[in-house]
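Novice: This is the structure I have questions about; it appears just below.
The values are calculated or read from the model by the stated rules, or taken from the named source; none is laboratory data. Predicted model only: the values in this text are computed from it and were never measured. When we count neighbours, we look across all protein chains shown, and the Cβ atoms used for this are built from the backbone with ideal geometry, even at glycine.
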Amino acid sequence: MSYTNLNEAIARLDEIEATVSAYSHAMGVLNLDASTAAPLGAAEGRGKTMAVLSGVVYNLAASDDTRELVAYLSEHMEELDANHRRQVEIQKKSCEQLVRIPQEEYIAYNVLLNKAEGIWRVAKIENNFAAFAPVLEKIVAFNRKFAGYYDPDKAPYDALLNEYEEGLSMQTLDGFFAELRRVIVPLIRAVGEKPQPDTGFLEQSFPIEEQKAFAKYLMDVIGLDPNYCTITESEHPFTCGFNCHDVRITTHYHEYNPTFAMYSTIHEGGHALYELGVDESYNGTCLSGGASMSIHESQSRFYENIIGRSREFIELIFPKMQEVFPRQLQGVTAEDLYRAVNKAQPSLVRTESDELTYAMHVMVRYEVEKQLIGGTLEVKDVPAEWNRLYKEYLGVDVPSDTLGCLQDSHWSGGAIGYFPSYALGSAYGAQMKHVCESELGPIAPFIAKGDIAAITAWLREHIHRFGNFKKPAAIFEDACGKFDPKYFADYLTEKYSAIYGL
Ligand code: ZN
């Protein structure tokens, strides 16, 4: 149909968004179930249901009706209220995204990715980069081509970055990583020359039932209301938010490594607090949920590291931890635990890295991807370049591609340009801490008395409530001013100099 009446068009937009959100909610519950509770044999039936549900959403989004509606509303932007203006802006972008890659290329790419995962998995197990290289070459070629469809005016890698984080560019990242390199590389070297804290007391059996009770306690400490957020188990921890009254987190319990579940619970809890803090009026529209990956990670890492790995937080939770694990923590002090959970040591694998060295792992991948997409590095030379950068930034020798450039599944999944926003999230968090403290005073005393809610209230007011209403960079800049990596560099320098007595 064609639109002539503005109110009618707005009502239709609201109806479409409510429908899409309802289907997404249903598919989200199926995905959650698949990762937490469903038996293996459920996959086929679920696949059929998912195909039907996602088909409905696709047909609705790609329909002539929706395109005409969005075109009509785009011409009447000044007459719309602020929420609908942003909704139309987002819908217009997604309409354009649906048609920008020629269908046969899109299909060919997905066929390739379907095979790539299995080939990567075997190549990683067998430490055989040569087996994965031809697939990676094709994935890189597709991504370079798609970058031209996404935005022909941008450098290809910038266009890819922009897909994951609107407005992100190599210019921002080069400046960011150069500052980190300048400060963190020497800091990592200095830390490496100091004796490491004892972590032996964390390497004994911590029964899983007790870890579960402790995870619930941690959720309570950071202010997650069990009426709106629950925790279950999955292979890899994740968060899924359905609306601002229903967010689920997962963790994984390792009997001999209790800090894994502790910190993944606080990390996912940070994602959850963000989603729970989004303005209620956005429910059922494309404005609900988090703004982007970097803003999301800024929140999860804020709770995990800035709050959760602070001395005050450890002192706050230590009595309860001793009560739950009296035998394991006999003779251990809060200070011992504080030092153990902040142990920093260069390593080979990103997912096992600590707060200090994490960004260096991301930086290596960024440098490699930038050169691959920019055409200055050939796929066959990826392992040598990867290993050279690990030596330069982290001072470690990479013994195999299994522990090197084959470690993560992201390239086989086609995700190029996705990682840098992870490191950016940590840096955003450090600057948020600085601005929050300039308004509230130091956050340490709030943590010491268990008043995490005061910090959450600040984050909610300045970050959480906006959901997708503003672009991610605008959310950050309106709250914190221009991004400056100095705050992250200062935060790490101050913290690790004190812990390691530099
Ligand atoms: Zn996260």
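Novice: Of all residues in region 269-297, how many are closer than 24 Å to GLY417 by Cα, part of a loop (DSSP other than H, G, I, E, B) and hydroxyl-bearing (Ser, Thr, Tyr)?
Specialist: Counting residues in region 269-297 that are closer than 24 Å to GLY417 by Cα, part of a loop (DSSP other than H, G, I, E, B) and hydroxyl-bearing (Ser, Thr, Tyr) gives 1.
Novice: Does any residue of region 270-282 turn out to be closer than 20 Å to SER353 by Cβ and modelled with pLDDT of 95 or more?
Specialist: Among the residues of region 270-282, at least one is closer than 20 Å to SER353 by Cβ and modelled with pLDDT of 95 or more, which makes the answer yes.
Novice: Looking only at helices (runs of 4 or more DSSP H) that fall completely inside region 421-491, which ones have 3 or more residues that are out of contact with any Asp or Glu (no Cβ under 6 Å at 6 or more places or on another chain) and more than 16 Å from the ligand (Cβ to nearest atom)?
Specialist: Correct list: 452-462, 472-480.
Novice: Then there is this: I need the full set of residues from region 261-303 which are within 15 Å of the ligand (Cβ to nearest atom), farther than 18 Å from THR232 by Cα and in contact with a Ser or Thr (Cβ under 8 Å, 6 or more places away or on another chain), in order please.
Specialist: Of everything in region 261-303, those that are within 15 Å of the ligand (Cβ to nearest atom), farther than 18 Å from THR232 by Cα and in contact with a Ser or Thr (Cβ under 8 Å, 6 or more places away or on another chain) turn out to be TYR274, SER292, MET293, SER294, GLU297, SER298, ARG301.
Novice: Can you go through ALA334, ALA384 and tell me which one is within 20 Å of LEU218 (Cβ to Cβ), over 26 Å from the mean Cα position of the chain (by Cα) and small (Gly, Ala, Ser)?
Specialist: ALA334
Novice: Moving on to the next point. Taking the condition over 30 Å from HIS84 (Cβ atoms) and among the polar types (S, T, N, Q), does SER347 pass?
Specialist: Taking the combined requirement at face value, the residue satisfies it.
Novice: With respect to GLU312, determine if the residue is within 12 Å of the ligand (Cβ to nearest atom) and over 14 Å from GLY241 (Cα atoms). Reasoning before the result, please.
Specialist: On the way: within 12 Å of the ligand (Cβ to nearest atom): no; over 14 Å from GLY241 (Cα atoms): yes.
No; evaluated as a whole, the condition is false for this residue.
Novice: Among all residue pairs at least 6 apart or on different chains, which show Cβ distances below 7 Å where the first residue, located in region 396-420, is in contact (Cβ under 8 Å) with a residue 24 or more places away in the chain and the second is part of a loop (DSSP other than H, G, I, E, B) and of a type in the set (Val, Ile, Thr)?
Specialist: Taking only residues 6 or more apart or on different chains, the pairs are LEU403/VAL349; GLY404/VAL398; GLN407/VAL349.
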